[in-house]
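Presented below is the structure to which this report refers.
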Amino acid sequence: MILRRFLKDPTYTVVGFWNHSDARRLKECGFKLEMDRRPVDLRLHVETDDGESLCQASFERIVKERLGYSGVALEMEISMSDWENPYLR
């Protein structure tokens with residue numbers, strides 16, 4: 001119930017990377033979750049300090065360029081979670 005309220009609340013913006021199909025996946029999973037608005041893909045909104053678009057950059061490069069952290073990895077086990085599992089990682 002709390003997650004449903006959160007996803008339908010227009011005052012929240014859900015952000016992530018490569019998340020263009022997340023709203024569809026949530027709706028099509030067994031829980032039939034719906035979002036009030038589409039999630040924002042951060043890749044489409046980040047640039048280097050010199051104005052170079054990072055839309056084609058890796059997750060690791062974006063984190064390094066914009067947050068200053070090296071070695072942060074996007075773990076496939078987490079990014080490819082089973083949407084039918086009631087306990088997401």
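Residues in the stretch 40-54 that are surrounded by 13 or more Cβ atoms within 10 Å (Cβ to Cβ) and either in contact with a Cys (Cβ under 6 Å, 6 or more places away or on another chain) or over 30 Å from residue 65 (Cβ atoms) (or both): 43 only.
Out of 37, 24, one residue alone is modelled with pLDDT of 90 or more and within 28 Å of residue 67 (Cα to Cα). It is 37. Can you tell which of 69, 87 is surrounded by fewer than 11 Cβ atoms within 10 Å (Cβ to Cβ), out of contact with any helix residue (DSSP H, G or I) (no Cβ under 6 Å at 6 or more places or on another chain), more than 17 Å from residue 21 (Cα to Cα) and of a type in the set (Ser, Thr, Tyr)? Sole residue among the options that is surrounded by fewer than 11 Cβ atoms within 10 Å (Cβ to Cβ), out of contact with any helix residue (DSSP H, G or I) (no Cβ under 6 Å at 6 or more places or on another chain), more than 17 Å from residue 21 (Cα to Cα) and of a type in the set (Ser, Thr, Tyr): 87.
For the stretch 56-75, which residues satisfy the criterion of being part of a loop (DSSP other than H, G, I, E, B) and within 14 Å of the chain's Cα centre (by Cα)? Hits for the stretch 56-75 are 58, 74, 75.
Can you tell me which residue in the stretch 22-46 is nearest to the chain's Cα centre (by Cα), limited to those that are of a type in the set (Lys, Arg) and assigned to a loop (DSSP other than H, G, I, E, B)?
Looking at the filtered set, the residue picked out is 38.
If you go through the stretch 38-62 and keep only what is over 15 Å from residue 79 (Cα atoms) and of a type in the set (S, T, N, Q), you end up with 48, 53, 56. Reported count of residues in the stretch 48-75, each being under 18 Å from residue 15 (Cα atoms) and either β-branched (Val, Ile, Thr) or in the same structural domain as residue 15 (by TED's automatic domain parsing) (or both), is 3.
The values are calculated or read from the model by the stated rules, or taken from the named source; none is laboratory data. Everything numeric here is computed off the predicted structure, so don't read it as measured data. Please note: Cβ atoms are built from the backbone with ideal geometry, for glycine as well, and neighbour counts cover all protein chains shown.
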